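A.B. asks: Below you'll find the structure I mean.
The values are calculated or read from the model by the stated rules, or taken from the named source; none is laboratory data. If you're wondering where the values come from, they're calculated on a predicted model, not measured in any experiment. Note: ideal-geometry Cβ built from the backbone for every residue, glycine included; neighbour counts use all protein chains shown.
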């Protein structure tokens with residue numbers, strides 16, 4: 001049985017489903033390693049413009065697998081501390097693979113996102129939740145730390161420092177309504193409408209320039225690491241100039257607007273053709 005299912009609702013959208021519903025899609029290594037590898041492979045699928053990530057059954061992901069963690073590969077001859085570090089690296093790589101993907105990733109949060117599952121949801125570029133979704137930073141409940149897999153970096157940036165401190169230190173549940181109110185998700189929909197809502201947004205995004213969407217995603221993430229406004233504005237300016245001067249996308253948008261049609265962005269400029277030549 002494959003614990004990661006990949007399907008194509010349409011040519012430009014790839015749906016990735018954590019498929020271990022009987023264990024609430026817990027993050028055992030036999031689930032996370034194929035997820036990491038699948039995300040890396042899809043990143044270079046140039047037909048895919050948007051990725052939707054969800055869980056099978058009633059949960060998104062319940063985090064650590066309390067019954068069987070699975071096997072960490074390539075650990076022969078290592079000590080326990082070294083094995084633990086390799087294990088964490090596998091999980092870290094899943095989070096970083098989402099961030100590094102060329103495509104935006106929409107998290108379709110269909111149910112519980114607990115512990116590492118909350119980290120996985122927080123790593124998505126956009127989150128849309130079912131009314132049945134809820135979130136818990138569960139490390140603190142288990143006598144550990146809730147600061148794991150980038151959550152103490154991602155959550156304050158998503159919902160603000162004070163709320164993140166309270167949620168991560170209290171270990172309480174955040175239901176879908178509260179998640180919507182504090183900005184943890186962009187919207188909440190009925191369970192039966194969750195994937196269709198994600199696909200509708202995905203189709204809208206995929207109608208824009210591929211390079212424009214990719215750079216916008218990367219610049220938004222870069223802004224969270226920026227040392228200051230001036231430095232980040234330089235990065236934005238260079239990206240905007242790059243697309244403006246190496247494609248005819250802007251000219252096409254002007255033509256399409258004048259002709260009353262949708263623009264077709266080819267992300268290309270004929271050699272020697274400069275803005276203003278037409």
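A.B. asks: Testing residue 185 on (1) touching a helix residue (DSSP H, G or I) at 6+ places or on another chain (Cβ under 8 Å); (2) at pLDDT 95 or above; (3) in a helix (DSSP H, G or I), one condition comes back false. Which one is that?
C.D. replies: Exception for residue 185: condition (3).
A.B. asks: Would segment 269-277 turn up any residue that is more than 23 Å from residue 96 (Cβ to Cβ), at pLDDT 95 or above and outside any helix (DSSP H, G or I)?
C.D. replies: The answer is no; no qualifying residue exists.
A.B. asks: Okay, moving on. Which condition does residue 37 not pass, out of (1) over 23 Å from residue 196 (Cβ atoms); (2) touching a helix residue (DSSP H, G or I) at 6+ places or on another chain (Cβ under 8 Å); (3) at pLDDT 95 or above; (4) surrounded by fewer than 18 Cβ atoms within 10 Å (Cβ to Cβ), if it passes all the others?
C.D. replies: Of everything listed in (1) over 23 Å from residue 196 (Cβ atoms); (2) touching a helix residue (DSSP H, G or I) at 6+ places or on another chain (Cβ under 8 Å); (3) at pLDDT 95 or above; (4) surrounded by fewer than 18 Cβ atoms within 10 Å (Cβ to Cβ), residue 37 misses just condition (2).
A.B. asks: Count, please, the residues in segment 60-71 that happen to be surrounded by fewer than 17 Cβ atoms within 10 Å (Cβ to Cβ) and within 20 Å of residue 4 (Cβ to Cβ).
C.D. replies: If we filter segment 60-71 for residues that are surrounded by fewer than 17 Cβ atoms within 10 Å (Cβ to Cβ), which is where we start, we get 66-69, 71.
Remaining after also requiring within 20 Å of residue 4 (Cβ to Cβ): 67-69, 71.
Residues that pass the stated criteria total 4.
A.B. asks: For segment 18-34, what are the residues that are closer than 20 Å to residue 149 by Cβ and surrounded by fewer than 23 Cβ atoms within 10 Å (Cβ to Cβ)?
C.D. replies: Keep residues of segment 18-34 that are closer than 20 Å to residue 149 by Cβ, which gives 18, 20, 23-34.
Correct list: 23, 24, 28, 29, 30, 31, 33, 34.
A.B. asks: Within segment 184-195, count every residue that is surrounded by 12 or more Cβ atoms within 10 Å (Cβ to Cβ) and either free of Cβ contacts under 8 Å to residues at least 12 places away in the same chain or not assigned by TED's automatic domain parsing to the domain that holds residue 124 (or both).
C.D. replies: Looking only at that region, the number is 1.
A.B. asks: Moving to a separate point now. So how many residues does segment 129-163 have that are assigned to a loop (DSSP other than H, G, I, E, B), more than 12 Å from residue 184 (Cα to Cα) and in contact with a helix residue (DSSP H, G or I) (Cβ under 8 Å, 6 or more places away or on another chain)?
C.D. replies: The qualifying residues number 9.
A.B. asks: Only residues that are assigned by TED's automatic domain parsing to the domain that holds residue 9, more than 25 Å from residue 44 (Cβ to Cβ) and surrounded by 15 or more Cβ atoms within 10 Å (Cβ to Cβ): list them for segment 196-251, please.
C.D. replies: The one that is assigned by TED's automatic domain parsing to the domain that holds residue 9, more than 25 Å from residue 44 (Cβ to Cβ) and surrounded by 15 or more Cβ atoms within 10 Å (Cβ to Cβ): 197.
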